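Asker: Take a look at this one; I'll ask things after.
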Amino acid sequence: MPETRALGQVTVTGARVSDRRTLNRKMTQMPSAPKKCWQQLFPEIHRFPDSCNVYAIEGPRGTVFVNAGSGDWLEGIDAQFKPPYFLLLTHFFRDHSAGASKASRLGIEVFAPWGECQILNDPIEHFRSLENYVAYENLWESFAPITPTIANPIRDYEDLRLAGLTFTSIPLPGVTPHHTGFQITTPQSGRQVVFCGEAVHSHGRMARIAPLQHDYADLSGAVNAASSAACLQSISPDVLLPSLGAPLQENIADALEALQSSLGALCSTRIEEATHIGNIGRHDLERVSDHVWMSTESVAISWFIVSESNKVLAIDYGYSGGCDDPRPAVGPWKWPTRNKVLCRRALLHSIQALEKTFGIDTVDVVLLSHFHDDHVAGVPVLQRLHDTRCWTLDHIAPLVEYPEAHRFPCNWPERTRVDRVIAADEVVEWEGIRFHFEPMSGHTRFSALIGFEVDGLRFAHTGDQLLPSDHDPEDGEWKLSQFVHTEVYRNGADLTSFRKSADWLCKWRPDFVLSGHQRAIRTTPRFFDAVQEVADTFERDHLNAMVLGPDEVHFGLDSMAGWIWPYRVSALVNRTTKVSVVVRNPRPEPTSLHLRLVVPDGWMTEPKTVAAEPRQEVLCDLEFTPMGVSDRIPIALELRTDKHNFGQIAEALVTCTKQ
């Protein structure tokens, strides 16, 4: 009899050596699958029935394949299709992408949605980082390929010119947040064809609903799938080619409308999802004054100032839709609550509303209140598609231009081009409207108060610094309790941050306060008293609860002793690499700060001593020489004074290559 051993609560039965060899042979000699072949759908489009539909589109200068299935289709393609070959992936699911690894090894260039490339390029790291215990999220992250693929990123709304053909990427979130379709006009028949992945299976149905449950008991993916169906309906394609399901050539609009209806019924008892689905097709702005309008389609509110010459300036432009938005009017998209790139997508929003209201289909300038992703993630999309200019204060600019260089919270990884860097005391004019700026900390030290006048009214944009009640009190009697706490210590809060912003507001005296997550607030005299109370209470409570006395040793309210810039360091073996460090003097008197980089054994570095005034933040450079290849190896900054060793106060990640 085979030996049986108990390992915890798992019972393992071991076969004899000869039995195991037989078993291994049986496992490696899989039964041959029935012979499959390419089916011609149109003169230039073929389909191969793999673990998903694999499509081949013949162009004048090569062949493009859509989705990879298991890779069975790769056998013999050189005898049927003209090289060079290209492969487009609609999403990362294993039954759609497993064959991409083999295709990549064969020299086929692979393209995948930008937000999913990391999974495809480094599946080992992806699976290693997945939480396997006490996991309440249900995004199908584990249904990813297990072998790496060299994948090029596809940006939303991008035109890809491959094999003499032009494909337009269409955001179709649903089974994954970054699920993407590809639209093409066929060169011979002139058909408008969309390779729509899992966006639809057949009339009114999707192939599977389970992947639409991204969090625990939600159906946020169903909201996005319904929105994607509406998007496809607006395109009015001649043919839909799903990855799971038969081609759709007739009654496409009816099929997509039926899908929206069935998904709406599925979510009818889920208040949040039903609200989002009810907003599909709505493209409205909310009026504050003749020239100031509020978006109703964004997570963090975009505020639009419309000039007399019919140009638009936006303050902030982040994600479309909403996830935990307290406003009753939320956009048609709903993203998972998890904070990772895979779960967030920056799509165009409010453009159709601007066109509907003013006949304007672009944004001229975006001002940034702060660098957080929900406020800036959509700016690179605007810049790619509309060449929108971005203006921001000088202490915010480096964080959005070089997001890889820091690790402050809510950091969007895509670079934003900053076209104008504004000094703190500078007044900027746009279309005859003057904008005043004041550096601000509290919610984050990298933020700005923005004041302007239009329509005979004064406005102040406070970012996420002050989030009062969603509705003005009827009697105008604002209270301290009507303001929520927005300080985030790791963002760089300091003790006087709310005092400084309160003083600025009381001096500027706006008629309306605009913020990142509430409707416009009509101020009253009592509003400004309440803002001062917020500042008083904030300082008093923290002084009572924490070591922050003027004669005590401390690193400030955020307890951040310093940081290394850039945070993600690229270096070469045996080459000296320079980093900048910001470090605080924790003492109330002038002090010498002794700084040293803690690096792996064998690497070289030199310490440095700098003088610092009381509580001063000092910037200096340090150098190190890596002696071997590394991938995101941590190094640390050590701080000592003549009286105390504060240890390793900050870290950075070093990737080192030979060349």
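Asker: If you go through the range 283-291 one residue at a time, do you hit one that is farther than 24 Å from ASP373 by Cα, in contact (Cβ under 8 Å) with a residue 12 or more places away in the chain and of a type in the set (Gly, Ala, Ser)?
Answerer: Scanning the range 283-291, I find at least one residue that is farther than 24 Å from ASP373 by Cα, in contact (Cβ under 8 Å) with a residue 12 or more places away in the chain and of a type in the set (Gly, Ala, Ser), so the answer is yes.
Asker: Name the residues in the range 168-190 that are more than 24 Å from SER320 (Cα to Cα) and at pLDDT 95 or above, would you?
Answerer: Scanning the range 168-190 gives ILE184, THR185.
Asker: Could I ask something else about it? If you take just the helices (runs of 4 or more DSSP H) that sit entirely in the range 358-428, which of them hold at least 2 residues that are β-branched (Val, Ile, Thr)?
Answerer: Per the criteria, 379-386.
Asker: Identify, from the list ASP558, ASP551, the residue that is farther than 21 Å from ARG458 by Cβ, assigned to a loop (DSSP other than H, G, I, E, B) and touching a helix residue (DSSP H, G or I) at 6+ places or on another chain (Cβ under 7 Å). Lay out the reasoning, then the answer.
Answerer: Working: ASP551 fails: touching a helix residue (DSSP H, G or I) at 6+ places or on another chain (Cβ under 7 Å).
Selected residue: ASP558, the only one of ASP558, ASP551 that is farther than 21 Å from ARG458 by Cβ, assigned to a loop (DSSP other than H, G, I, E, B) and touching a helix residue (DSSP H, G or I) at 6+ places or on another chain (Cβ under 7 Å).
Asker: Something else now. Quick test of your reading of the structure: GLU552 fulfils all but one of (1) farther than 21 Å from ILE649 by Cα; (2) outside the structural domain of GLU617 (by TED's automatic domain parsing); (3) exposed (fewer than 14 other Cβ atoms within 10 Å of the Cβ). Name the failing condition by number.
Answerer: (1)
Asker: Among the residues of the range 97-148, what is the count of those that are of a type in the set (Phe, Trp, Tyr) and free of Cβ contacts under 8 Å to residues at least 12 places away in the same chain?
Answerer: Going through the range 97-148 one residue at a time, the tally reaches 1.
Asker: A further question follows. Checking VAL427 against (1) of a type in the set (A, V, I, L, M, F, W, C); (2) touching a residue at least 24 places away in the same chain (Cβ under 8 Å); (3) surrounded by fewer than 17 Cβ atoms within 10 Å (Cβ to Cβ); (4) touching a Lys or Arg at 6+ places or on another chain (Cβ under 9 Å): exactly one of these is not met. Which one?
Answerer: (2)
Asker: Is it true that some residue in the range 408-420 is touching a residue at least 24 places away in the same chain (Cβ under 8 Å), crowded, with 18+ Cβ neighbours inside 10 Å and out of contact with any helix residue (DSSP H, G or I) (no Cβ under 7 Å at 6 or more places or on another chain)?
Answerer: No, because not a single residue in the range 408-420 is touching a residue at least 24 places away in the same chain (Cβ under 8 Å), crowded, with 18+ Cβ neighbours inside 10 Å and out of contact with any helix residue (DSSP H, G or I) (no Cβ under 7 Å at 6 or more places or on another chain).
Asker: Cβ-Cβ below 8 Å, separation at least six or inter-chain, first residue in the range 48-71 and farther than 14 Å from PHE167 by Cβ, second assigned to a strand (DSSP E or B) and of a type in the set (D, E, K, R): which pairs?
Answerer: Within 8 Å, the pairs are ASN53/ARG47; VAL54/ARG47.
Asker: Let me ask something else. Among the candidates LEU232, LEU244, single out the residue that is assigned to a loop (DSSP other than H, G, I, E, B) and either touching a residue at least 60 places away in the same chain (Cβ under 8 Å) or surrounded by fewer than 16 Cβ atoms within 10 Å (Cβ to Cβ) (or both). Full working, then the answer.
Answerer: On the way: LEU232 fails: assigned to a loop (DSSP other than H, G, I, E, B).
None of the other options fit; the residue is LEU244.
Asker: Looking at this structure, is ALA460 part of a strand (DSSP E or B) and free of Cβ contacts under 8 Å to residues at least 60 places away in the same chain?
Answerer: On the way: part of a strand (DSSP E or B): yes; free of Cβ contacts under 8 Å to residues at least 60 places away in the same chain: yes.
Against the criterion (part of a strand (DSSP E or B) and free of Cβ contacts under 8 Å to residues at least 60 places away in the same chain), ALA460 qualifies.
Asker: Of the residues that make up the range 67-86, is at least one under 25 Å from the mean Cα position of the chain (by Cα) and outside any strand (DSSP E or B)?
Answerer: Yes, that holds for at least one residue.
Yes/no per residue for (1) in contact with a helix residue (DSSP H, G or I) (Cβ under 6 Å, 6 or more places away or on another chain); (2) at pLDDT below 95; (3) farther than 30 Å from TRP478 by Cα; (4) outside any strand (DSSP E or B):
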site	(1), (2), (3), (4)
HIS542	no, no, no, yes
VAL547	no, no, yes, yes
HIS594	no, no, yes, no
GLY602	no, yes, yes, yes
VAL610	no, no, yes, no
LEU622	no, no, yes, no
MET627	no, yes, yes, yes
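Condition check ((1) in contact (Cβ under 8 Å) with a residue 24 or more places away in the chain; (2) among the polar types (S, T, N, Q); (3) surrounded by 20 or more Cβ atoms within 10 Å (Cβ to Cβ)) across all residues:
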residue	(1), (2), (3)
THR524	yes, yes, no
ASP529	yes, no, no
LEU557	yes, no, yes
MET560	yes, no, yes
ILE564	yes, no, yes
VAL583	yes, no, yes
ALA611	no, no, no
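Asker: Regarding the range 316-337, can at least one residue be identified that is farther than 22 Å from SER228 by Cα, touching a helix residue (DSSP H, G or I) at 6+ places or on another chain (Cβ under 7 Å), surrounded by 19 or more Cβ atoms within 10 Å (Cβ to Cβ) and not assigned by TED's automatic domain parsing to the domain that holds GLU116?
Answerer: yes
Asker: Can you tell which of GLY181, GLY221, GLY174 is under 13 Å from VAL66 (Cβ atoms), small (Gly, Ala, Ser) and crowded, with 22+ Cβ neighbours inside 10 Å?
Answerer: Numbers: GLY221 fails: under 13 Å from VAL66 (Cβ atoms); GLY174 fails: under 13 Å from VAL66 (Cβ atoms).
Just a single option satisfies the conditions, and that option is GLY181.
The values are calculated or read from the model by the stated rules, or taken from the named source; none is laboratory data. Given the structure is predicted, the values throughout are model-derived calculations rather than measurements. Because the Cβ atoms are built from the backbone with ideal geometry, glycine has one as well, and the counts that use them run over all protein chains shown.
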